[in-house]
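See structure below.
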Amino acid sequence: MWGYTEAQIAGFGLSFGVGAFMLYMLFIIGQLAWESKAGKFGTFVIFLGLAFGMTGFVAKYLIQWFIESR
């Protein structure tokens, strides 16, 4: 498709597509904290609980970048 291989399209979608979706999810989590009037600690707990799974995805790219840069 337009000169790109399937692997290139999948890599683009996995990096930028999922990254954009993660930013949107952070916006939704922030909106939930705002509407529930959670306060500082409550907002921290909401972000910790709902956004903790994203750290593995981000850590994978950081580890991969660190290994490839050596």
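The values are calculated or read from the model by the stated rules, or taken from the named source; none is laboratory data. Computed from a predicted model, the values in this text were never measured in an experiment. A quick note on method: Cβ atoms are made from the backbone with ideal geometry, for glycine too, and the neighbour counts reach across all protein chains shown.
Structure data summary
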read-out: Subset of region 9-38 [more than 16 Å from Phe57 (Cβ to Cβ) and surrounded by 12 or more Cβ atoms within 10 Å (Cβ to Cβ)]; value: Ile9, Gly30, Leu32, Ala33, Ala38
read-out: Number of positions in region 39-61 that are closer than 19 Å to Leu14 by Cα and either at pLDDT 90 or above or surrounded by 12 or more Cβ atoms within 10 Å (Cβ to Cβ) (or both); value: 4
read-out: Those residues of region 2-43 which are assigned to a loop (DSSP other than H, G, I, E, B) and at negative phi, in sequence order; value: Tyr4, Thr5, Ser36, Ala38
